[in-house]
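Structure record follows, encoded as structure tokens.
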Amino acid sequence: MADQAFSVEQCPSSQQCLIAQISDPHIKAGGKLSYRQVDTANALREAITTLNQLVPRPNLVLISGDLVDFGHPEEYATFKHILSDLTLPVYLIPGNHDDRQSLRAAFPEHRYLFQHRDFLHWVIDDYPVRLVGLDSSVPGKPYGELSNASLEWLDKILTEQPEKPTLVMVHHHPFVSGIDHMDQQPLKHASALENVIGKHAQVERVLCGHLHRSIQARFGNTLAISCPGVSHQVSLDLTPDGPSRFQLEPPGYLLHQWSAAHGMITHQGFIACYPGPFPFYDANGLID
Ligand SMILES: [Fe+2]
């Protein structure tokens with residue numbers, strides 16, 4: 001695994017930064033399939049291969065929670081082993097499937113996970129874009145929550161550097177997605193987070209996982225975006241009381257490209273081999 005003692009050398013220009021995000025790998029131990037269907041370990045390997053081959057290379061990778069499926073130490077060992085193939089710096093937050101203590105125990109070299117005494121909240125100042133991770137996990141519960149003390153911590157952190165473009169990452173979605181069974185396990189009291197985010201204009205995005213598909217929503221004067229799942233996707237079912245189901249649509253990742261000239265642009269890519277790329281033009285112009 002890449003050393004976590006990163007420096008700005010990996011973002012050679014203070015004028016730009018490229019940040020990849022993947023989410024919800026749900027790793028199981030011993031080759032077990034998630035929900036008896038999904039080879040999540042292999043899916044993460046394929047995602048890492050994709051990320052390692054991106055040109056230009058991202059400066060770092062964010063993983064927005066549900067790192068493993070049941071929070072077991074052996075799952076974190078498997079996750080860590082697979083992640084060791086990633087040749088980019090990586091930063092983690094927990095989701096509802098994670099276990100705070102087991103995650104910390106598995107990644108003692110990820111010192112940022114120990115910044116806060118009670119939660120895996122962290123801030124990284126080593127890049128042209130400031131990174132803030134929030135721990136919304138509630139032991140034994142599928143929904144997420146941020147305590148008043150956590151929101152005060154966030155407000156204080158964001159007050160420190162009002163000019164620096166900032167990404168805030170939290171596993172649970174703080175908006176109504178329209179996918180009913182997921183909206184029954186959202187970030188609770190999301191308006192309290194929205195009030196804090198809305199005070200700090202430098203927040204370029206609130207990045208989430210949990211929804212296992214990419215969804216965008218206006219949130220606190222900025223944009224909240226959920227990242228596709230790295231293996232399985234939650235079914236796009238907007239019917240009221242729709243059942244809790246997933247499907248094996250193409251997995252994906254997000255690329256957040258920030259530059260001083262153009263601000264933050266977010267792209268979605270897919271993790272698979274497709275035909276192409278093919279040219280639009282040849283020597284005679286647009287190909288007919
Ligand atoms: Fe998940």
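Does at least one position in the stretch 154-163 carry a residue that is closer than 22 Å to Thr239 by Cα, open to solvent by 10 Å² or more (accessible area, probe 1.4 Å) and of a type outside the set (Phe, Trp, Tyr)?
no
Quick one: in the stretch 14-62, of everything that is open to solvent by 10 Å² or more (accessible area, probe 1.4 Å) and of a type in the set (Gly, Ala, Ser), which residue is nearest to the ligand (Cβ to nearest atom)?
The selected residue is Ala43.
Filter the stretch 201-249 for residues that are within 16 Å of the ligand (Cβ to nearest atom) and not in a loop (DSSP other than H, G, I, E, B); which is surrounded by the fewest Cβ atoms within 10 Å (Cβ to Cβ)?
Per the criteria, the residue is Gln247.
Does any residue of the stretch 138-149 turn out to be closer than 25 Å to Asp241 by Cα and without any contact (Cβ under 8 Å) to a residue 40 or more places away in the chain?
For the stretch 138-149, residues closer than 25 Å to Asp241 by Cα and without any contact (Cβ under 8 Å) to a residue 40 or more places away in the chain: present.
Return the residues of the stretch 113-142 that are among the aromatic types (Phe, Trp, Tyr) and crowded, with 17+ Cβ neighbours inside 10 Å; say none if nothing qualifies.
Within the stretch 113-142, Phe119, Trp122, Tyr127 meet the criteria.
Would you please name the residue that is nearest to the ligand (Cβ to nearest atom), looking only at residues in the stretch 63-84 that are among the charged types (D, E, K, R) and within 23 Å of Val234 (Cβ to Cβ)? Please lay out each step first, then the result.
Keep residues of the stretch 63-84 that are among the charged types (D, E, K, R), which gives 66, 69, 74-75, 80.
Narrowing the set further to residues that are within 23 Å of Val234 (Cβ to Cβ) leaves 66, 69, 75.
Details: Asp66: 3, Asp69: 9, Glu75: 13 Å.
Result: Asp66.
Let me spell it out: the conditions are (1) within 16 Å of the ligand (Cβ to nearest atom); (2) more than 19 Å from the chain's Cα centre (by Cα), and Ala192 meets all of them except one. Which number is the exception?
(1)
Go through (1) open to solvent by less than 20 Å² (accessible area, probe 1.4 Å); (2) assigned to a helix (DSSP H, G or I) one by one and return the number of the condition His172 breaks.
(2)
Could you grab me the full set of residues in the stretch 98-112 that are within 16 Å of the ligand (Cβ to nearest atom) and either open to solvent by 50 Å² or more (accessible area, probe 1.4 Å) or aliphatic (A, V, I, L, M) (or both)?
Once the filter is applied, which keeps residues that are within 16 Å of the ligand (Cβ to nearest atom) and either open to solvent by 50 Å² or more (accessible area, probe 1.4 Å) or aliphatic (A, V, I, L, M) (or both), the stretch 98-112 yields Asp99, Leu103.
Filter the stretch 250-279 for residues that are part of a loop (DSSP other than H, G, I, E, B), open to solvent by less than 50 Å² (accessible area, probe 1.4 Å) and within 21 Å of Val38 (Cα to Cα) and give the result.
Start the filter on the stretch 250-279 by keeping residues that are part of a loop (DSSP other than H, G, I, E, B), which leaves 250-251, 260-262, 271-279.
Remaining after also requiring open to solvent by less than 50 Å² (accessible area, probe 1.4 Å): 251, 271, 276.
Once the filter is applied, which keeps residues that are part of a loop (DSSP other than H, G, I, E, B), open to solvent by less than 50 Å² (accessible area, probe 1.4 Å) and within 21 Å of Val38 (Cα to Cα), the stretch 250-279 yields Pro251, Ile271.
The values are calculated or read from the model by the stated rules, or taken from the named source; none is laboratory data. Given the structure is predicted, the values throughout are model-derived calculations rather than measurements. Using ideal geometry, Cβ is built from the backbone for each residue, glycine included, and neighbour counts are taken over all protein chains shown. SASA here: full protein model, heavy atoms, side chains in, ligands and nucleic acids out. Shrake-Rupley method; radii C 1.70, N 1.55, O 1.52, S 1.80 Å.
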